[in-house]
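The values are calculated or read from the model by the stated rules, or taken from the named source; none is laboratory data. The model shown is predicted, which means the values in this text are computed figures rather than measured ones. When we count neighbours, we look across all protein chains shown, and the Cβ atoms used for this are built from the backbone with ideal geometry, even at glycine. To get the accessible areas, we keep the full protein, side chains included, count just its heavy atoms, and leave off ligands, DNA and RNA. Shrake-Rupley method; radii C 1.70, N 1.55, O 1.52, S 1.80 Å.
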Amino acid sequence: MRNEWGRVLAALINVLGDFDKAEDALQDAVVAALKDWAAQGIPDNPRAWLLQVARRKAIDRFRREQIFETRRTDLEQLYQPEQLDAEQVMGDGIPDERLRLIFTCCHPALSEQAQVALTLRTLGGLTTTELARAYLIPEVTMAQRIVRAKRKIKAANIPYRVPPPERLTERVGSVLSVIYLIFNEGYAASSGQDLTRIALSGEAIRLGEMLHALMPREPEVAGLLALMLLHDSRKPARIDEDGNFVALEKQQRGLWNYEQIKAGLHLLEKAGPIEQAGPYQLQAAISAVHAQAADYQDTDWHRIILLYDQLYAIQPSPVVKLNAVVALSMVQGPASALEVLERVEAEGKLDRYQPFHVVKANLLKSVGQKQAAAEAYRLALSITHNRVERDFLQHCLKELEGCSK
Amino acid sequence: MQYMLLIYEDNTSPKPGSPEWEGYLKEYGVFTEEVKAKGVFIAGDALQPVTTATTVRVRGGKAATTDGPFAETKEMFAGYYLLDCKDLDEAIEYAEKIPSAKYGAVEVRPVMVFD
C-alpha cells in the first residue's frame, strides 16, 4: 500500500487543492482498504481503488462538515475526474502528479528540515512516528514540523506545480539536495539500533528512482541516483560481523553489490559527457572509479584527482579539497598531501569536521609522526557521536599506541 | 492573493548624494512601472530614514514615546510594495527585482484575510 501512497496522494492534492484534506481522505481510504482487501482480496487496480474510495471519503467529509452549499465548486471538481477514471484505468492508470508534489514539498521557501519531513511523509508514505524515530526527535516535534510546513504552503500559497523552464535547474537542485540529505542520514547510521535510520537511504534511492523516471533527461537527477547506488553498493562491506566500521581501504570488495554498481555505472554513462557534468555526476564518477578498481592500491587515483579538480572548480568547498588530499597522498605520497592539508587547515573551516581530523591522523601516521597522529585521532573522537565510528577511531588509536611501544 | 514585500536596507545600500543614488532611484522607477503595467501593483512607498523614527508603546493605559526605531538592527525597514500575485512564486519573482534586494533583503509576507 505504501507504494501507492505517494501516487494517490499527489493526485488527490491536485483534485482537492489542499494537503490536509487529501491526506485525511487517503487515510480514510487506507482504513477502508485494510478491511475490504482482507475480505475480498486486493483489487486489480489498487491505485484506482484507493483514489476512488478516497474521493468518496472526501465527499463524505465535506457533507459531515455541512459545507455542502458553500463548497459546491469543490464537489464539482470531485465528481468530474470520476468520469475520467474509467478510461484512465483502461489505459495506463492515473496521471502521475508526483513531480508537482515533490517540487512543492522541496520549495525553497520551506526550511530544509521541513522539506525533508514533508517529502518523506507525502511521497515516501512514512508515518510521523516513523519519521520521528528516524530523525531521533520527539513525535510531537516532528508532527509540529509537518503541520507548520503544510500551513505555510496554504497560507503563503506555494504553488502546486512543476516550476517553469527558466526556474527548473535551480529548483531541481533543491529537490536533489533534499533527497541526498535523506540518503546521507541513512548512510551515516550504521548500527543495529539505527535500523530505522538505515532505511532512510533506501527511501532516498526510491525517491531518486521516481524522480529519474519522471525526469529522465535531467543529467543531475541521473547523477544523484548513480551516486546513491554506487555508495549504497558498498554497504554490505562497510560493517564487519562484529558491527565494526571497515574503511574503504580494507573492505572485502567481493561483498559489494555488483547489481547496484552496474546500475550506477549505466546511469552515469547515460547522464551525458563528463566534461559538462554537474556536482552529483562528478561525485558519482569518482565513486565509479572506486567501484571499478580491483583493490585500493590499484585505483586510478590520477583520474580521481582530475575529477576532484573539476568538482572543486564548480563547487569550491574545503570538503572537496580534503577528499582530493586523500587521492593526492596515493599518487604523490603522504608528505606532499600533508602540505596541502596544512593549507586547507589554515582556512579554518574544517575545525569541527570529523573526517578532516581522521585524514590528518592517517597522514601523520604514514609519515611516522605518531604523537601528532594520536592527537588528531583524539580530536576526531571528541566530535564523533556515532558508536560504530567511535569504536573504529578508538581501534585506530590503540593500534597506533601499540606500534609506538 | 495579496503579498506585502517588506524592503530592508543595510549600510551597503546607496545613500542620497552618493554617485550610485541616481541610478538606484531610476531602477526603482523602472520596477514600479513594471508592476503597474502588469496590473499587480496595489500600493508602495519609501520611508524616510530610521533617524526620523519614533516608537510608541502603551502600557497600563500610559503612552511612552521614544526616539528611534522599534528594533536596533543592522537592516532597517525602508519601504514596501503591496502586490496582487497569483502565488508565492510570482511574489518571489518580483521581490528579486526590487533594487534593494541586491544590498539588504526583501521579506515576502502574505496578507491575512479575515473571512
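General remarks:
- On the stretch given as region A:376-405, residues that are closer than 25 Å to A:Ser336 by Cα and buried (at least 16 other Cβ atoms within 10 Å of the Cβ) total 8.
- Of the residues contained in region A:216-239, one or more are found to be hydrophobic (A, V, I, L, M, F, W, C), over 17 Å from the mean Cα position of the chain (by Cα) and over 17 Å from A:Leu123 (Cα atoms).
- Of all the listed residues (A:Gly264, A:Gly333), the sole one being among the small types (Gly, Ala, Ser) and over 20 Å from the mean Cα position of the chain (by Cα) is A:Gly333.
- Only one of A:Tyr308, A:Tyr280, A:Tyr296 that is touching an Asp or Glu at 6+ places or on another chain (Cβ under 7 Å), hydroxyl-bearing (Ser, Thr, Tyr) and surrounded by 22 or more Cβ atoms within 10 Å (Cβ to Cβ): A:Tyr280
- Test: A:Pro216 is over 21 Å from A:Glu23 (Cβ atoms) and not in a helix (DSSP H, G or I): yes
- Complete set of residues in region A:243-263 that are aliphatic (A, V, I, L, M) and within 22 Å of A:Phe392 (Cβ to Cβ): A:Val246, A:Ala247, A:Leu248, A:Leu255
- Matching residues in region A:23-41 - criterion: being touching a helix residue (DSSP H, G or I) at 6+ places or on another chain (Cβ under 6 Å) and open to solvent by 30 Å² or more (accessible area, probe 1.4 Å): A:Asp28
- Spans of strands (runs of 3 or more DSSP E) in region B:27-115 with at least 2 residues away from every other protein chain (no Cβ under 14 Å) and touching a residue at least 24 places away in the same chain (Cβ under 8 Å): B:41-46, B:76-84
- A:Val53 being at pLDDT 90 or above and either exposed (fewer than 15 other Cβ atoms within 10 Å of the Cβ) or assigned to a helix (DSSP H, G or I) (or both): yes
- A search for C-beta distances below 6 Å between a residue of region A:151-170 that is more than 10 Å from chain B (Cβ to nearest Cβ) and any residue that is of a type in the set (Lys, Arg), counting only pairs 6+ apart in sequence or on different chains, returns A:Val162/A:Arg100.
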